[in-house]
Amino acid sequence: MTPTVPSFRLLPGAAGSPVLLHVPHSSRTVPRDVRAGILLGDAELERELDHITDAHTAEIAERAAALAGVRPWRFVNRLSRLVVDPERFPDEREEMTAVGMGAVYTRTTHRGELRPADTDPEPLLARHFRPYARAMTEAVAGRLAATGRAVVIDVHSYPAAPLPYELHGTGPRPPVCLGTDAFHTPPELTEAARAAFAGCGETGLDSPFAGTYVPLEFYGRDARVSALMVEIRRDTYMTEPGGPAGPGLDRLATALAALVDTV
């Protein structure tokens with residue numbers, strides 16, 4: 001991937017839709033210049049990508065968008081989160097920095113060395129993280145301008161068994177985990193998600209992953225922006241780790257489409 005190709009893509013939906021499906025972790029693409037700074041061998045890197053990538057989530061969002069009565073907008077990361085993780089805080093607020101997995105990772109899912117610990121994150125933040133954040137901010141602002149509100153639904157997945165990097169991996173791991181925020185997740189959004197995913201197995205709240213993604217310009221400030229994180233346990237729709245999707249994918253896409261139509 002050359003520097004002239006954006007590392008993200010905004011896929012338009014219906015003009016009147018407030019919904020933005022955000023897919024930040026579905027790609028395995030690592031540009032050559034970024035690969036040069038990663039210490040893993042090729043086979044080790046592929047294995048790490050198997051574990052860290054939210055495989056097939058872009059396809060779930062794509063199918064859901066096609067099924068929805070009012071097509072939502074989609075914002076899709078085209079690069080692996082091993083380049084930068086756009087959902088991390090880029091400063092001391094990020095708790096995952098404790099395990100070397102802030103906005104620029106220095107450790108792997110199994111707490112091995114990914115990059116040297118003294119890696120300067122600034123070049124990657126400047127080239128990838130900040131442009132991504134600006135574009136997401138503009139995408140949310142666009143929904144606000146068009147509809148008076150914005151609903152950010154994060155589409156993620158997580159492994160059936162906890163990985164060593166997880167800080168909160170000892171709690172429940174339901175088929176669908178809903179991540180919430182006290183300010184940005186109204187109860188009716190949570191309940192709509194529970195109803196939409198009822199046919200996909202048990203839903204839980206904020207375990208093993210909690211919180212939502214809202215661009216910092218709006219975070220904690222603008223209640224017109226609501227947000228929910230949908231974390232899908234991978235064994236419900238694919239072969240772990242990093243394997244093909246199965247029939248569960250269609251069921252999840254249908255449930256996500258139902259959520260989109262409800263909100």
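The values are calculated or read from the model by the stated rules, or taken from the named source; none is laboratory data. Computed from a predicted structure; not experimentally measured. Glycine gets a Cβ as well: all are built from the backbone with ideal geometry, and neighbour counts include every protein chain shown. These area figures cover heavy atoms from the full protein model, side chains too; ligands, DNA and RNA do not enter into them. Shrake-Rupley method; radii C 1.70, N 1.55, O 1.52, S 1.80 Å.
A few remarks follow.
- Residue within region 67-77 that is assigned to a helix (DSSP H, G or I) and touching a residue at least 60 places away in the same chain (Cβ under 8 Å) present: yes
- Condition met for Val176 (surrounded by 15 or more Cβ atoms within 10 Å (Cβ to Cβ), within 28 Å of Arg47 (Cα to Cα) and among the aliphatic types (A, V, I, L, M)): yes
- Selection within region 230-259 - more than 16 Å from Glu59 (Cα to Cα) and open to solvent by less than 10 Å² (accessible area, probe 1.4 Å): Leu259
- Selection count, region 3-61, where residues are out of contact with any helix residue (DSSP H, G or I) (no Cβ under 8 Å at 6 or more places or on another chain), of a type in the set (A, V, I, L, M), surrounded by 14 or more Cβ atoms within 10 Å (Cβ to Cβ) and part of a helix (DSSP H, G or I): 3
- Residue match in region 76-91 (condition: modelled with pLDDT under 95, closer than 25 Å to Arg224 by Cα and surrounded by fewer than 17 Cβ atoms within 10 Å (Cβ to Cβ)): yes
- Exactly one residue among Phe197, Phe218 is open to solvent by less than 10 Å² (accessible area, probe 1.4 Å) and not basic (Lys, Arg), and that residue is Phe197.
- Only one of Ala126, Ala145, Ala98 that is surrounded by fewer than 18 Cβ atoms within 10 Å (Cβ to Cβ), modelled with pLDDT under 95 and not in a loop (DSSP other than H, G, I, E, B): Ala98
- All of Pro187, Pro164 fail the test of being open to solvent by 50 Å² or more (accessible area, probe 1.4 Å) and more than 20 Å from the chain's Cα centre (by Cα), apart from Pro187.
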